[in-house]
Amino acid sequence: MAFDRPEFTEYPVRLNAGVIPVIKGVTRPQSVVTISLEKQDGSVAQEYEVTADAAGVFTFIPDGALTNGVYELTATAIDTYGAAK
């Protein structure tokens, strides 16, 4: 059963040093969302898993503050039926 890919809805455009960002998004309800956070210079690549709530909203908070640089944030989701997007 197909569905739209996860979409980030709230995220900081710029971060101050020492601040841990809170990033929110939407996808199919109860889906497991794998979030990849990669620094553009290739030095940092981390993956996190979160679960969307009954409304399809997910919240991602990294383990700690991010270092200075440009990051690429991507997400994939697997719903309760095993469909991926």
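The values are calculated or read from the model by the stated rules, or taken from the named source; none is laboratory data. Nothing here was measured: the structure is a model prediction, and the numbers come from that model. Note: ideal-geometry Cβ built from the backbone for every residue, glycine included; neighbour counts use all protein chains shown. These accessible areas exclude ligands, DNA and RNA; they are computed on the full protein's heavy atoms, side chains included. Shrake-Rupley method; radii C 1.70, N 1.55, O 1.52, S 1.80 Å.
Here are the numbers for this structure:
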{"read-out": "Selection count where residues are under 15 Å from Tyr71 (Cβ atoms) and part of a strand (DSSP E or B), scope segment 1-24", "value": "2"}
{"read-out": "Within segment 72-85, considering residues that are farther than 18 Å from Lys24 by Cβ and hydroxyl-bearing (Ser, Thr, Tyr), the one least open to solvent (accessible area, probe 1.4 Å)", "value": "Thr80"}
{"read-out": "Enumeration of residues in segment 50-85 that are farther than 18 Å from Tyr11 by Cβ and assigned to a strand (DSSP E or B)", "value": "Thr51, Ile78, Ala84"}
{"read-out": "Only one of Gly64, Gly69 that is under 17 Å from Ile20 (Cβ atoms), open to solvent by 50 Å² or more (accessible area, probe 1.4 Å) and without any contact (Cβ under 8 Å) to a residue 60 or more places away in the chain", "value": "Gly69"}
{"read-out": "Some residue of segment 27-37 being open to solvent by less than 50 Å² (accessible area, probe 1.4 Å), part of a strand (DSSP E or B) and free of Cβ contacts under 8 Å to residues at least 24 places away in the same chain", "value": "no"}
